[in-house]
1. Highest mean first, what order results for B:361-369, B:401-409 on Cβ atoms within 10 Å?
2. Quick one: net charge of A:A2's neighbours, Cβ under 11 Å, K/R +1, D/E -1?
3. Just to verify a number: what accessible area does C:M226 come out at with the full protein assembly present, 1.4 Å probe, Å² rounded to tens?
4. Suppose accessible area is computed on protein heavy atoms with a 1.4 Å probe; arrange C:V29, A:V175 from highest to lowest.
5. Ratio of chain A's C-alpha Rg to 2.2 N^0.38 Å, to two decimals?
6. I want to verify the translational diffusion coefficient of the range A:29-165 in µm²/s; compute it with Stokes-Einstein, Rh as the Kirkwood radius over Cα pairs, at 37 °C and 0.692 mPa s.
7. Ignoring ligands, DNA and RNA, how do C:T40, A:T232 rank by accessible area with a 1.4 Å probe, largest first?
8. B:K92 accessible area, nearest 10 Å², 1.4 Å probe?
Amino acid sequence: MASIQLNSVSRIYGQGASAVHAVKGIDLQIEDGEFMIFLGPSGCGKSTTLRMIAGLEPVSQGDLLIDGQRVNDVDPAERDLAIVFQNYALYPHMSVRQNMAFGLKLRGTPGPEIESRIAGVAETLGIRPLLDRKPSQLSGGQRQRVALGRALVREPRAFLLDEPLSNLDAKLRSVMRTELIKLHRKLGTTMIHVTHDQVEAMTMGTRICIMRGGEIVQVGKPQDVYRDPADTFVAGFLATPPMNLIPARIEAAGEGLAVIAPGLSVPVPEAYRAAYAPYTGREVILGIRPEDLFETPEGAAPAAIDCSIETVEALGPETILNVKLGQGGSELAARLPAEGDWEVARQIRLFADSLRMHLFDPETTRKIAR
Amino acid sequence: MKKYMLSSLSALALTAVAAHAETVNILMEAVPDTTYIQQLLPEFEEATGIDVNLEVVNYAEMHTKLVPQLVSNSGSYSAIVVDFYWVGEFFKAGWMQPLDDRIAADGFDTSVYVPAMMDLVGQVEGTTYMLPFYNYAMGLLYRTDLLEDEANKTAYMDAFGTELKKPETWDEYLQQVKFFTKDGSYGVVNQGLRPDPIAMEWSNYLFAKGGEFIDDGWHATFNSPEGVAALEDYITNLNDYGPVGAASFSFDEAFNVFSQGQAYSYITYNFFRAAVDDASGSAIVGKGEIMGVPGQTPEEGGSLNGAWGWAIPKSSPNPDAAWEFLKWVESPEIAKKRALLGGSATRLDVFDDAEVIAKYPQTTALKELLLGSHNFPTFTYTPQFVEVLGRELSLAVSGEKSAQEALDAAAAEFDELAIKDGRQE
Amino acid sequence: MAHVTTMERENRRFGWLLTAPGLVLLAAVVLFPIVWAGITSFFNYSLIFPGYDDFAGLGNYAKAADDGEFLHSAWITLLFVVAVVGIQFVAGFVVALMLNDARRGKTVYYLILLCPLLINPVVVGLMWRMILHPTLGIVNWLLGTVGIEPVNWLGAPDMAFWTVVLVDIWHQVSFMVVLLLAGLSALPAEPYEAARVDGATPFQRFWHITLPMMKPVIVVTLLIRMIFAIKTYDIIYIMTRGGPGVATDLISYFIYRRAFVSLDLGEACAMAAMLLIVIAGLTAVLWRSMRQVQD
């Protein structure tokens, strides 16, 4: 059980002018027992951060603390963490049993205890029949379980998972997702899970840490981050299809304000008027989630949007419409119930719940507070 | 010459092929005598219009390269050079063409060759297969400056009660070897490498000690008491009066020790005599001389004879052109020119040539050396015998066998080979 | 036998068609000489009297097996191969491990190490004969400057054996380095990271991860090197001619002399065939051990 703390931690490759800052002075507190997700596109520094925690990469600047103790210079072997790699990193010449026993043997765990721990973990993961096989005789999903098992038998202070599900097919991935969630609930051990898959991020973690370009953009509970993205990056990254982001302006409209874009005019609800007033006459980015567009007026302040259908993606339980706003307008995605009679190129009218709109400053890309 | 022109012209007419493109291919060893020929080749090519292509390789490769060409029906070598100890083998295998008809037809004079040369690399069982090319009879290289040194003379007189001078007998030579081993210098340097360097060098010891390789019935006699004593002398010289490592020396390494002035004497091939005076590789220019290896009495010599001969293989693609080349290269004027460049002579007319003697005063000593030299037994299995002898001598030198054991083993194998060759009853 | 469709049959025929030229070429350049040597080994075939008139049966084999010098050469060759391959393997592995960790100047080290390998063995032999010349060579001179007596590198039996071993190591060790390094750099990095997190020390990582994962490469490297070592000929020819005595009379040089000095091809072929059988046996053993690793 461990809490992990990063104080202004950086990872710098190379020196001088050619130095590359992979991680730029991030601060993060991961609580004991938390399931923390590092989310971001490739190259954002999330894996590097995980590897620094594991001790596989040195910390260039800043302090890394585990349970309040600075571990920058502590060998990975002594940090008592376990890591599960994306490509499993099993020892190819050892059987499953030997793979799992290796770390324990090195630590001098007595034989009978190793045996009982392996038996227990193998039972949990359903890999008992595989114990005497070599990794080359296992399927991808089985290897994944073995890799996980190898981490579990160690009973470490924390688990570090480096995109462990990304090599699995979609079905297996969702099964393993559920199992990891259950495991975490059962063990209560701190877990850090690196992924670029926003579904994993949303479903698995107690908190998400979204990274971009070596920096932390936003940290929070999945629903909070979803509901209240800190900037256009987060807004555009979480969920599929992502939030619609439309270049727009705020104009005075009679008594109040309206967000105007080609083919679109959304009145600013009373509640937000004071917050958005300073932006009157300025460019903004309007954000509307596809699920906040409706066929019929909904919510307290619906705004009508006229558009033409570009494509129809019938997914079964729901349908994603890609529509185009009037003359020279932007394209939007709308998530609508499955039933409906849509044809490409037909003109339709959709309604936005204006209370659920987000506005971002185009210069900083940050959300305009309200 | 006219005759030759005519015959060559008629040959041209017959073959009706572009004769000026004819090429004589010869495989030769990279030695000084080969380079002298290379220098003179333009004369031949100008006179005959025949191109000569010399393929020059190290000794080590020669036998290996020759054999496949000689075995085949049509080889690539027009003429070849034959080391004396391949003669028996080549003769037995029938790889060489008899030259007597050509010699008679062209009136080529073979009587000018040193008789021992003709025996070694000329005739086999009464038929002439080769013309002697150059001799490499072995001699004793020694340091004249050390002999003339007054301090040495006095010390030698004090020690042995005799005068220090060029040795006349084998025992006197051995005494000098012992005497000159002092102050970081050695009395002798040996070439103890297997198989031919040690076998050839020790042959001189055998002859000097009064021993012989075989009796008239081709039975090995070199394991006689004389032979054993000769090998014991050799071991003592190599281990006690020579430099460390001489047991692994080939002739070039041994000569380096001698030419750097570190040893009083070195028994080796006579062509090294010229190298003593070559300032580019010698620190003892003008201080070394060669003589025949001394024997039991001043009248006897202990030198081993050695020579190369020219031959035309059965597989020669163009034997006529090859013969033209042989005739030219062994003609009196070319033989003399080669000698003037530094070549080792095989002909008495060259040895006695005033111009040659004037340029190389040692010529007379070399002639005496050659005349007093002994032949190595040449038969079909000479190469194999050299191999066996070299191995056994080396075993004795490295102390793994006694002299008697080693020579007995070699003699037994010699007898087997002689029986196999039908030499013994 | 299962039913074979026309298409499969045609595919098979086409396959044979494609491989035929290669197979024929292989048979011509590899199989033919071996078969020829095999046949010759049963005849009293000498280059002086070439011909297959005198059938010897197993006579050449019996003669070779009874030839003390030949058996001695085989024994010396065994010692030589064990010494050369063993030392080269350990040294080569150490160097390869160091190079694998080197961050900078890898190419430079690589080039320097490759130099000996690029030199013709004959030149290597001549060079070392000069360097090790007991009175005029630089090594003994250097030893002399610190008061060490001149070493008789090639003139004493035991010393000559080890000198030849060392020169061969100097010449060929980079072969090991290159192959092992290629193997090392092809190893996946993840198992090492997993092992580090599992708590393995550098030595434990080498022992439990590197060695087992390298085993196929090691086996192949040892095998190739071993076969090369058995074939060692040039260095012996140049440096010792098998001497002093018979201390360095390796089998390849022995067989060579039987063929080209004695011109006794029948017996030489019999000896070569015996050698081939031994090498083939060793190869099979190593091959099997390698397949076990891969399973």
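1. Working: B:361-369: 17.4, B:401-409: 19.0.
So the order, starting with the most tightly packed, is B:401-409, B:361-369.
2. -3
3. C:M226 has an accessible surface of roughly 30 Å² with all protein chains in place.
4. Descending order: C:V29, A:V175.
5. After normalising by residue count via 2.2 N^0.38 Å, the value is 1.19.
6. 206
7. Descending order: A:T232, C:T40.
8. 80
The values are calculated or read from the model by the stated rules, or taken from the named source; none is laboratory data. Note that the structure is predicted; figures quoted are calculated from it, not measured. Cβ sites come from the backbone with ideal geometry, for glycine too, and all protein chains shown count toward neighbours. Calculation scope for accessible area: heavy atoms of the full protein, side chains included, ligands and nucleic acids excluded. Shrake-Rupley method; radii C 1.70, N 1.55, O 1.52, S 1.80 Å.
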